[in-house]
Amino acid sequence: MFPHLSLSTLLSLTSRERELLESGYTKEAEGPAAMGIKLYYTTVTASRTVKSQQAEVIRILDSKSIQYELIDISVGGELRDEMRNKAGDPSAVPPQLFNEDQYCGNYEMLSEAVEADTVDQFLKIA
């Protein structure tokens, strides 16, 4: 089903992550303003921090009915390099958010935008 993922990785995925992978997930549009939001994430990580941050970003976007495309960097090194180049940080780790090719920020920056009630401005959709 997913030849690039090991059995242990597949077993460690949450049911939500498996569901998203199986469906080739792209969240349907709620409005035209959010058309280009891209969330770079990974299905292959031993880091609980990365897993919880990714889940929280998805929860935030879903709760605000913001359309986004999931891009799994574990599929290939070129996607990880693309994410890092676009972010301007050679050591960037997921989750990372973009509006088309314009860098918005990482989990911490999104959290600050949620606290300040400026998520639309953060994602450049306002």
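What to note about this one:
- Kirkwood-based shape ratio for the stretch 73-123, expressed as Rg/Rh from alpha carbons: 1.01
- The 3J(HN,Hα) values that the Karplus relation (6.51, -1.76, 1.60; θ = phi - 60°) gives for the stretch 87-104 are, in residue order, 6, x, 9, x, 10, 4, 10, x, x, 10, 10, 9, 10, 6, 9, 8, 5, 9 Hz. Gly and Pro appear as x.
- Near G105, the amide H atoms lying under 5 Å from its own belong to L97; only residues 5 or more places off or on other chains count, and H is placed 1.01 Å from N.
- Per-residue extension of 0.36 nm, minus the Cα-Cα distance of D81 and V44, leaves a gain of 11.8 nm for this segment.
- Rg(Cα) / (2.2 N^0.38 Å) computed for the stretch 42-109, rounded to two decimals: 1.06
- Proximity of backbone amide H atoms, modeled 1.01 Å from N, is registered between Y68 and K27 at under 5 Å, excluding neighbours fewer than 5 places apart on the same chain.
- Contact order normalised by residue count of the stretch 61-105, Cα under 8 Å, 6+ apart, percent: 21 percent
Any read-out appearing in this document is the output of simple, stated calculations on the displayed coordinates, not a laboratory observation. Predicted model only: the values in this text are computed from it and were never measured.
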